[in-house]
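Enquirer: Below is a structure I'd like to ask you about.
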């Protein structure tokens, strides 16, 4: 958001913004039309109106009354975050857990051999996601984690869905939805780009 992103195909658009939706001023739809017209590269900037929200997924414990052990929030706002899932399973090492965070079109993030129990387990799960651990030495590029109030062991689940992500389009206008498109068919020299390019409203 608020930063230029370069894409070279509709697949790139789907991975970064999600699939086109039926909505006025939808950027993914406009870029799909550009590619159909023969555009080869698009540099776009995603803008929102401040009403956008990030998708959230919750990992629960195994207490009689289930409690949230960790809350995972999509790193970026938007409905694309609603496609994220998180799974918790027993790891290959005894008495440890594996957490897998996934988004369609992206490489799965695996945080393995997370040990301990109770509150400390949840702290270790959050630390693994936010700081990395083997075999994912880097922090998650999809979510950020926060500990909840759970004190029991993690509930082993095959998939936890994320919800509540919104795009922030309540007050979108044509003037705020702009994309810079680079294409051999353009005959106008653009001072902002070394390639032949022009700016189009989306």
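Enquirer: Stretched out fully, how many nm does the piece from residue 53 to residue 24 gain, at 0.36 nm a residue minus the Cα gap?
Expert: Difference between extended and current length: 8.5 nm.
Enquirer: A further question follows. What are the radius of gyration and Dmax of the stretch 56-161, computed over its Cα atoms and given in Å?
Expert: Every Cα atom of the stretch 56-161 included, Rg and Dmax give 12.6, 38 Å.
Enquirer: Relative contact order for the stretch 1-78 using alpha-carbon pairs under 8 Å, separation at least 6, rounded to a whole percent?
Expert: 29 percent
Enquirer: Can I ask one more? Compute the length gained on full extension between residue 134 and residue 92: take 0.36 nm times their separation in residues and subtract their Cα-Cα distance, giving the result in nm to one decimal. Intermediate values should be presented prior to the final figure.
Expert: Numbers: separation 42, 0.36 × 42 = 15.12 nm, distance 1.29 nm.
Difference between extended and current length: 13.8 nm.
Enquirer: Here's another thing I want to ask about it. For the stretch 56-161, what does the relative contact order come out to in percent, with C-alpha contacts under 8 Å and a separation of six or more?
Expert: So the answer I get is 37 percent.
Every number here is computed from the coordinates shown, using simple stated rules; none is lab data. Only a predicted model underlies this, so the values are computations on that prediction, with no experimental measurement involved.
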